[in-house]
Every structure is written in C-alpha cells, then in structure tokens.
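The values are calculated or read from the model by the stated rules, or taken from the named source; none is laboratory data. All of these numbers come straight from a predicted model, not from anything done at the bench. All Cβ positions, even for glycine, are placed from backbone atoms using ideal geometry, and neighbour counts span all protein chains on display. Protein only, heavy atoms only, side chains kept; ligands, DNA and RNA dropped before computing areas. Shrake-Rupley method; radii C 1.70, N 1.55, O 1.52, S 1.80 Å.
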Amino acid sequence: MEFLRSHGGNEAKVDSIEDSRLTEYMMKHHPRWYEIVEKYGSPIDIINYQKEEVVSNIKSTSVSVFLVSKLASCEGKVLKKKLLPSMTIDKLKSLCCKLFKADMLSISLTFKDEAQETFYEMDDNLRQLSFYSI
C-alpha cells in the first residue's frame, strides 16, 4: 500500500494503478506516467511483491536433526534438535559433548541419509552441515 500526498497536504491510500485520484494527479503533474507504467510495469505491484517475498527467518531455514548416542554411558538416547545448516561439525561435536556428557575426543559423527540408507562419516571439523546436504 502506497500513499499519495497531494499539494494540499492530504494523504490518500492507493491500492491499484486504476485509482481515479491517482489518475487525476498523475495526468496533471506527470503526464508520461502511464506510458512508463505500460513499458516497465506498475510500481505498486512490484512493491507488494517484494513485501510478500521477504519471509526468511531462522525458523524457516533451520533443519530438524535426530541425534542418536552410541556411547556406552547413554547408548540409544535420541534427541531431536533444530540446527542451522551453517553450523560447523566442530560446533555440533561440542553440542553433542554437552548433551551426552562425553569427551570431545571420543565423539565421532556419522550422517545417515534416509533416502539411500547409507552412512557418511562427518570427520572434517571445518565443514558445515549444508556440505552434507542436511
């Protein structure tokens, strides 16, 4: 929604390009307006499209991951966590150390691809989770 300010100082809400007040104002002050709109498109539609497009937030970009412990102290313990794809393997190992009360050196991470039922070793601490298509 855009506002059109006339010379009298009044603001009028304009929802579409066919508004009669907009037509009158533009023909009087900007006679080539409709020629430009016909060539490049309505700026009102473009602004509304851009407002709808920007809905990206942390919740929509995070992924749900099941962490399963294979350590002797808590074997079979399963935790579901929402993680960002930009998280590094080193940070995930640190998180697992806190959650499963384990030593950082004893942790090795593997990723199970549910579609192919294959396991991938996650041994490079500098890689992000997105590298493994998580």
| Inter-label distance, nm, simple model (7 Å from Cα along the C-beta direction), I58/K82 | 1.0
| remark: Other residues with Cβ under 14 Å from the Cβ of V65 give, with Lys and Arg +1 and Asp and Glu -1, a net charge of +4
| task | Compute the distance in nm between two label points, each set 7 Å from the Cα along the Cα-to-Cβ direction, one at A115 and one at R32. | result | 5.2
| request: May I ask you to give the percent of accessible area on the stretch 63-110 that is carbon plus sulfur, with a probe radius of 1.4 Å? | output: 57
